[in-house]
Amino acid sequence: MKTKELASFADAVRDIPDGASIAFAGFGPVGVPYNLLNALAEQGAKNLTCVANTTGGAGQPRMPDIGRLVEQGQVRKVICSFTAATRASDQLPFTKYYESGEVEAELVPQGTLAERLRAAGAGIPAFYTPAAVGTELAEGRETRSFGGRDYLLEHALPVDYAFLRAWRADAFGNLLFRRSQRNFNPVMAMAARITIVEVEEDILPIGGIDPDEVHTAGIFVHRLVRIPPAPAGIWQPGPREVRR
């Protein structure tokens, strides 16, 4: 079997073209693929469509996110559940780019976003959901009534690439996540044509993960990169950070 493990993050993102659509995992600091994000920022692909839970904070060297890509002019559109900060006192860098028309944004309810990704992986082209019915998000869009309740038509959301972060992996790409890593990672892996994963612990031989503990099957995973130990004084999110 050809190995899925690559030597560097640069190798993992080298062929990503301008105009690609990329799903970025993360629900809190545990699951964000920081190293792949940094590699893509250095690689320089532009006109990207980014799918994520939030638009990110950016400007934070300890916690790079898709906001960095936005600030560097690499992003055309963001599809996410939060386009603004959850606190009025905070200001996301993305906001000024959106308000100036430099970046498009598509707001999607959080559960709907997850289901659109899952539907893409399951081969379901569209589905109906009660979420967003009667709101601005439903204006001009198809709705139907089932059992006396209105539902909004949503389309599946396939992507070219998915960037994930996993706690453990084996050489075939079977993945085991920790804590909030599981919120978006499995459905993003299913929705992507190519799934790229940064792995916190050593990549184990095939069979090194108990089948009952596999959260995402290796058939959905195409590239793996082991996260090297952080130099002294450099913060690296992971299970140890979470347990503090």
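The values are calculated or read from the model by the stated rules, or taken from the named source; none is laboratory data. Remember, predicted model here, so these are calculated numbers, not experimental data. For neighbour counting, all protein chains shown are included, and Cβ atoms are generated from backbone atoms with ideal geometry for every residue, glycine included.
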Filter result for the condition that a residue is polar (S, T, N, Q), surrounded by fewer than 18 Cβ atoms within 10 Å (Cβ to Cβ) and modelled with pLDDT under 95, over T95, T55: T95
Residue in segment 81-90 that is at pLDDT 80 or above and part of a strand (DSSP E or B) present: yes
Residue within segment 102-117 that is in a helix (DSSP H, G or I), at pLDDT 95 or above, crowded, with 17+ Cβ neighbours inside 10 Å and of a type in the set (D, E, K, R) present: yes
Per-region count, segment 18-40, residues assigned to a loop (DSSP other than H, G, I, E, B) and either of a type in the set (S, T, N, Q) or under 19 Å from L157 (Cβ atoms) (or both): 7
Failed criterion for G140 (all others in (1) exposed (fewer than 14 other Cβ atoms within 10 Å of the Cβ); (2) touching a Phe, Trp or Tyr at 6+ places or on another chain (Cβ under 9 Å); (3) more than 17 Å from L113 (Cβ to Cβ); (4) not acidic (D, E) hold): (2)
Among residues of segment 118-151, those that are part of a loop (DSSP other than H, G, I, E, B) and in contact with a helix residue (DSSP H, G or I) (Cβ under 7 Å, 6 or more places away or on another chain), counted: 2
Pair list, Cβ under 8 Å, 6 or more apart: segment 26-40 residue more than 17 Å from T54 (Cα to Cα) and at pLDDT 90 or above, other residue among the hydrophobic types (A, V, I, L, M, F, W, C) and assigned to a loop (DSSP other than H, G, I, E, B): N35/I227; L40/I16
Filtered residue count, segment 205-244, keeping only those that are outside any loop (DSSP other than H, G, I, E, B) and either modelled with pLDDT of 95 or more or loosely packed, with under 12 Cβ neighbours inside 10 Å (or both): 14
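Conditions tested, residue by residue: (1) closer than 18 Å to A23 by Cβ; (2) surrounded by fewer than 20 Cβ atoms within 10 Å (Cβ to Cβ); (3) at pLDDT below 95.
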| position | (1), (2), (3) |
| --- | --- |
| D170 | no, no, no |
| L175 | yes, no, no |
| R179 | no, yes, yes |
| A189 | yes, no, no |
| V199 | yes, no, no |
Selection from segment 3-29 of residues that are surrounded by 22 or more Cβ atoms within 10 Å (Cβ to Cβ) and farther than 21 Å from E104 by Cβ: F9, A12, V13, A25
